[in-house]
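Structure first, then comments.
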Amino acid sequence: MYKIVDKKNLAPNIFSMDILAPRVAQSAQPGQFVIVIADEKGERVPLTICDYDTEKGTVTIVVQSTGCSTKKMAEYNVGDYFEDFVGPLGQPSEYVNEDLNELKKKKVLFVAGGVGTAPVYPQARWFHERGIDVDVIIGAKTKELVILEEKMSKVAGNLYVATDDGSYGFKGMVTNLIEDLVKNQGKKYDFIVCIGPMIMMKFVCKLTKELGIKTIVSLNPIMVDGTGMCGACRVSVGNETKFACVDGPEFDGHLVNFDEALRRQTQYKSEESEKGGQHVCKCQQGGAK
């Protein structure tokens, strides 16, 4: 059993929780995720790690309550317990193993869309703790859906916020802001890390391929066991089949078959419905987000 020691509402239907999980906190690295099971009959919900504190032994997750399992998780409060909290899973971000002196020479941009801001935070913090300034874009549909801005501002060298409707920060999509930074402001980046909705990552990669900037994405396909056994999270990367849970979740975005991934992501949506206020789940709706 894993105790919830803190809970915060970040935006409509989006909340964070600090979970007491010392072994996970001690081992977690940027880019990895956990699988949460709310109770003994609960589904396995994969969620990226937003933060971890080795001294307190806590791991922070951010959840958007959209499906039946995440809506059930939203009902839990401080002092309640989750049945299971498994992790860290997946491969750490590739730069973790790079030579630090070489990494300090590179210019890096993180692009976060929606709840994708959560897994971007520990990555930006990792760079900040090593004395490397990175630029960060947070994108959201509207101002009220911008999350973790204050925390991100403390670890980003330059923080930019873009909203689709222009209610806050730059008006436009994150792709518009990337173009502005590179083409109009003369910014140069050695690589970009993009995490957010699949469709956003697709169009960011389309743009960065034209700009000649290497781009890493974190994929969130349907995921069941998180160990590579079920094969549900398979994705095509460079004409090879990969499993997001064990080979990823991060991949070279210019090699990902996004059209295939988007089709697979929607194939079970009709299986999840609500009847008379009771959530009826016939499948695993997931993704490491």
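The values are calculated or read from the model by the stated rules, or taken from the named source; none is laboratory data. What you are looking at is a predicted structure, and each value in this text was computed from that prediction instead of being measured. Backbone-built Cβ (ideal geometry, glycine too); neighbour counts: all protein chains shown. Each accessible area value is taken on the protein alone, full model and side chains, heavy atoms only, with ligands, DNA and RNA left out. Shrake-Rupley method; radii C 1.70, N 1.55, O 1.52, S 1.80 Å.
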In segment 1-22, which residue that is within 14 Å of Asp51 (Cα to Cα) and not in a strand (DSSP E or B) is most open to solvent (accessible area, probe 1.4 Å)? Pro22
Taking the stated definitions as given, is Arg44 modelled with pLDDT of 90 or more and basic (Lys, Arg)? no
Some residue of segment 183-190 being over 26 Å from Ile49 (Cα atoms), in contact with a helix residue (DSSP H, G or I) (Cβ under 8 Å, 6 or more places away or on another chain), assigned to a helix (DSSP H, G or I) and not hydrophobic (A, V, I, L, M, F, W, C): no
Which ones in segment 177-214 are of a type in the set (Val, Ile, Thr) and either open to solvent by 70 Å² or more (accessible area, probe 1.4 Å) or not assigned by the TED database to the domain that holds Gly114 (or both)? Ile199
Residues of segment 224-243 classified as at pLDDT 80 or above, farther than 26 Å from Gly212 by Cβ and open to solvent by less than 20 Å² (accessible area, probe 1.4 Å), total: 0
Given the conditions (1) closer than 26 Å to Leu10 by Cα; (2) free of Cβ contacts under 8 Å to residues at least 40 places away in the same chain; (3) open to solvent by 70 Å² or more (accessible area, probe 1.4 Å), which single one is not true for Ala124? (3)
Which one of Val45, Val78, Val59 is of a type outside the set (Phe, Trp, Tyr) and open to solvent by 30 Å² or more (accessible area, probe 1.4 Å)? Val78
